[in-house]
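*Asks:* Sharing a structure with you now.
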Amino acid sequence: MCPRLVEWREQVAIEKRASYRDQTYWGKPVPGFGDPAAKVLVLGLAPAAHGANRTGRVFTGDRSGDWLFRAMHRAGLANQPTSVSVDDGLTLREAWVAAAVKCAPPDNKPLPEERDACRPLLQRELALLANVSVIVCLGGFAYEAACSEFGVRPRPKFGHGVEVPMAGGRTLVCSYHPSQQNTFTGRLTEPMLDSVFTRACEIAGVSASGSSRGRRSPRTPRP
């Protein structure tokens, strides 16, 4: 239990952002979603206060998700380039999206001990995703979580495009997080993000054509 995160996620769900005041916020831990047969796992930081904490689906309803799902669509991993709600028809093909921390943190900055408290939940996801061979780490925090989980030692320095082969045939592929802090400043561009997913698909042996039909992503239950 992380009392700081619980207090924050529930406070945000009550006070709301003015533009969403008529909506019912999820205000709970946010699970991962996607294709259970995924070969590519996309690992992010944590739910956004007015994104996934509102919609109940990770990377859904915020600008980071706009960037992410456009890139996944271009790579053939998503059937559409947008994600605004849990019932908008988005499906993922051979991909699963999750966050290292399941609750929205203040200032988008979870503490290391909060990441560690969520580790068993990530472990359960990984145990169910038997086909995953590539983990795309969005940002240094997700990279640290993945390295801790897979026992990566020594740990190469995080950087966009860095690849870390691991035992068991899995590979970590690093990307700057598609946060506004990175996208507005040009630190991360869409071609840069595309290159990461192109490489992830290449390593995982996933066709970028998108011709195969994806599995229906399970919907997150509403409160």
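The values are calculated or read from the model by the stated rules, or taken from the named source; none is laboratory data. Remember, predicted model here, so these are calculated numbers, not experimental data. When we count neighbours, we look across all protein chains shown, and the Cβ atoms used for this are built from the backbone with ideal geometry, even at glycine.
*Asks:* Give the stretch 1-27 a look and list any residue that's farther than 17 Å from A52 by Cβ, assigned to a loop (DSSP other than H, G, I, E, B) and touching a residue at least 60 places away in the same chain (Cβ under 8 Å), or say none.
*Replies:* The answer is M1, and nothing else.
*Asks:* Assuming R119 fulfils every condition listed in (1) more than 21 Å from Q181 (Cα to Cα); (2) among the basic types (K, R); (3) part of a loop (DSSP other than H, G, I, E, B) apart from one, which condition is it?
*Replies:* R119 satisfies all of (1) more than 21 Å from Q181 (Cα to Cα); (2) among the basic types (K, R); (3) part of a loop (DSSP other than H, G, I, E, B) except (3).
*Asks:* Also, I was wondering about something else. Could you run through the stretch 122-146 and say how many residues are under 25 Å from Q181 (Cα atoms) and either of a type in the set (G, A, S) or over 16 Å from the mean Cα position of the chain (by Cα) (or both)?
*Replies:* Within the stretch 122-146, the subset under 25 Å from Q181 (Cα atoms) is 135-146.
Subset that is either of a type in the set (G, A, S) or over 16 Å from the mean Cα position of the chain (by Cα) (or both): 139-140, 142, 145-146.
Within the stretch 122-146, residues that are under 25 Å from Q181 (Cα atoms) and either of a type in the set (G, A, S) or over 16 Å from the mean Cα position of the chain (by Cα) (or both) number 5.
*Asks:* Continuing with this model, one more query. Could you list all residues from the stretch 54-78 that are surrounded by fewer than 23 Cβ atoms within 10 Å (Cβ to Cβ) and acidic (D, E)?
*Replies:* Of everything in the stretch 54-78, just one residue is surrounded by fewer than 23 Cβ atoms within 10 Å (Cβ to Cβ) and acidic (D, E), namely D66.
*Asks:* Which residue, of P29, P81, P36, is farther than 26 Å from T198 by Cα, more than 12 Å from the chain's Cα centre (by Cα) and at pLDDT 95 or above? Let's see the steps before the verdict.
*Replies:* Numbers: P81 fails: farther than 26 Å from T198 by Cα; P36 fails: farther than 26 Å from T198 by Cα.
It is P29.
*Asks:* Only one residue in V84, V30 is part of a loop (DSSP other than H, G, I, E, B), touching a Pro at 6+ places or on another chain (Cβ under 6 Å) and more than 17 Å from G139 (Cα to Cα), so which one is that? Break it down into steps so the answer makes sense when it comes.
*Replies:* Details: V84 fails: touching a Pro at 6+ places or on another chain (Cβ under 6 Å).
None of the others qualify; the one that does is V30.
*Asks:* Here is a list of conditions, (1) touching a Lys or Arg at 6+ places or on another chain (Cβ under 7 Å); (2) farther than 15 Å from H177 by Cβ; (3) among the β-branched types (V, I, T), and V101 meets all of them except one; can you say which number that is?
*Replies:* Going through (1) touching a Lys or Arg at 6+ places or on another chain (Cβ under 7 Å); (2) farther than 15 Å from H177 by Cβ; (3) among the β-branched types (V, I, T) one by one, V101 breaks only (2).
*Asks:* Here's a follow-up. Kindly evaluate A48 against the criterion of being over 14 Å from the mean Cα position of the chain (by Cα) and among the hydrophobic types (A, V, I, L, M, F, W, C). Walk me through it before giving the result.
*Replies:* On the way: over 14 Å from the mean Cα position of the chain (by Cα): no; among the hydrophobic types (A, V, I, L, M, F, W, C): yes.
No, not satisfied.
*Asks:* Keeping to the stretch 79-91, report how many residues are buried (at least 24 other Cβ atoms within 10 Å of the Cβ) and either touching a residue at least 40 places away in the same chain (Cβ under 8 Å) or closer than 15 Å to H177 by Cβ (or both).
*Replies:* Taking the stretch 79-91 and keeping what is buried (at least 24 other Cβ atoms within 10 Å of the Cβ), we get 83, 90.
Now drop any that are not either touching a residue at least 40 places away in the same chain (Cβ under 8 Å) or closer than 15 Å to H177 by Cβ (or both), which leaves 90.
Qualifying residue count, the stretch 79-91: 1.
*Asks:* At least 2 residues that are buried (at least 18 other Cβ atoms within 10 Å of the Cβ) and either of a type in the set (G, A, S) or out of contact with any helix residue (DSSP H, G or I) (no Cβ under 7 Å at 6 or more places or on another chain) (or both) in each: list the helices (runs of 4 or more DSSP H) lying fully within the stretch 126-204 that qualify. Talk me through it step by step, then tell me what you get.
*Replies:* Details: elements: 140-150, 180-183, 190-204.
Where helices (runs of 4 or more DSSP H) fall fully within the stretch 126-204 and carry at least 2 residues being buried (at least 18 other Cβ atoms within 10 Å of the Cβ) and either of a type in the set (G, A, S) or out of contact with any helix residue (DSSP H, G or I) (no Cβ under 7 Å at 6 or more places or on another chain) (or both), they are 140-150, 190-204.
*Asks:* Given the conditions (1) touching a residue at least 12 places away in the same chain (Cβ under 8 Å); (2) more than 30 Å from T171 (Cα to Cα); (3) polar (S, T, N, Q), report the number of the one that N53 does not fulfil.
*Replies:* With respect to (1) touching a residue at least 12 places away in the same chain (Cβ under 8 Å); (2) more than 30 Å from T171 (Cα to Cα); (3) polar (S, T, N, Q), N53 is out only on (2).
*Asks:* Can you name the residue in the stretch 88-121 that is closer than 22 Å to A13 by Cβ and among the β-branched types (V, I, T) and, of all such residues, is farthest from the chain's Cα centre (by Cα)?
*Replies:* V101
*Asks:* From the list A71, A98, A38, which one is closer than 20 Å to V206 by Cα, assigned to a loop (DSSP other than H, G, I, E, B) and touching a residue at least 12 places away in the same chain (Cβ under 8 Å)?
*Replies:* A38
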